[in-house]
Amino acid sequence: MKYFVVQKLIKLFSISIIFLVFVFVGCKQSVKKSDWQEEILSLFNGKNLDGWKGDSSIWSVEEGCIVGRTTSDKPIEQNTFLIHNTSFSDFELSFQYKIIGGNSGVQYRAKVLDKELFIVGGYQADMEAGNNYSGILYEEKGRGILALRGEQVRLDSIGIKTVTKFANSETIESRIQKEQWNEYLIVANGNHLQHFINGVKSVDVVDDEVDKKASSGIIALQVHKGPEMTVYYKDLHLKLIKN
């Protein structure tokens, strides 16, 4: 009798092991198929500017960072851009930036207006060394400022703007570290555009203006004309949003 009981227990134990192995393997396969990291694209390899085009006298790579620099002895006469070679529609774009002097920004869903001079127009997530414009939504070569810091804006089909305040601009500014690394997040999902700096939302915009809004376009980094400046970018990652 004991022999049969032992055999039965061994059989049950073996079946349990087989079942657990099946479940474990099945879980591993499902995780691999839905691995969210497959959704994220790195826009900068940390070594060179492969995949980007811009003025080589302005843009370079230093210590794993994209660097845009102007000097007082060689000022630029107009804004210039480092342009990524791929267009995107709906996404979350995160990156780190540090700016010393001047003004910069990241264009998204933008258009190249002059390939030779590296001129771009379109939505811009702004940043600066000053106290007023970091985090705003600006449209380069277009409608200008679409939303100041702390504003929730809706642009209707004919461009009439409705604005409500969700936060104080100075409070948002106080979270930005001067001449230090800051984390920026741009969310572009359909006609809904949002900017965040260091985890704090700076603008929230719905753009429904016919013939003005953009649904897709290129990414580009800006160096602004004016006083000498240096801007650093690193960890540029783009997560595609699938609707």
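The values are calculated or read from the model by the stated rules, or taken from the named source; none is laboratory data. Predicted model only: the values in this text are computed from it and were never measured. Using ideal geometry, Cβ is built from the backbone for each residue, glycine included, and neighbour counts are taken over all protein chains shown.
Considering every residue within the range 92-100, establish whether at least one is of a type in the set (A, V, I, L, M, F, W, C), in contact (Cβ under 8 Å) with a residue 12 or more places away in the chain and closer than 24 Å to residue 211 by Cα. Talk me through it step by step, then tell me what you get.
In the first step, residues of the range 92-100 are kept if they are of a type in the set (A, V, I, L, M, F, W, C); the result is 93, 95, 99-100.
Subset that is in contact (Cβ under 8 Å) with a residue 12 or more places away in the chain: 93, 95, 99-100.
This time we only want the ones that are closer than 24 Å to residue 211 by Cα, so: none.
No, every residue in the range 92-100 fails to be of a type in the set (A, V, I, L, M, F, W, C), in contact (Cβ under 8 Å) with a residue 12 or more places away in the chain and closer than 24 Å to residue 211 by Cα.
Please work out if residue 194 is loosely packed, with under 14 Cβ neighbours inside 10 Å and in the same structural domain as residue 52 (by TED's automatic domain parsing). If you could, list the steps in order and put the result at the bottom.
Details: loosely packed, with under 14 Cβ neighbours inside 10 Å: no; in the same structural domain as residue 52 (by TED's automatic domain parsing): yes.
When the stated conditions are applied, residue 194 does not pass them.
Filter the range 126-149 for residues that are crowded, with 22+ Cβ neighbours inside 10 Å and closer than 18 Å to residue 175 by Cβ and give the result.
Within the range 126-149, 126, 127, 134, 135, 136, 137, 147, 149 qualify.
Does the range 47-106 hold any residues that are outside any loop (DSSP other than H, G, I, E, B), of a type in the set (Val, Ile, Thr) and out of contact with any Asp or Glu (no Cβ under 8 Å at 6 or more places or on another chain), and which are they?
Across the range 47-106, the qualifying residues are 61, 66, 67, 83, 86, 106.
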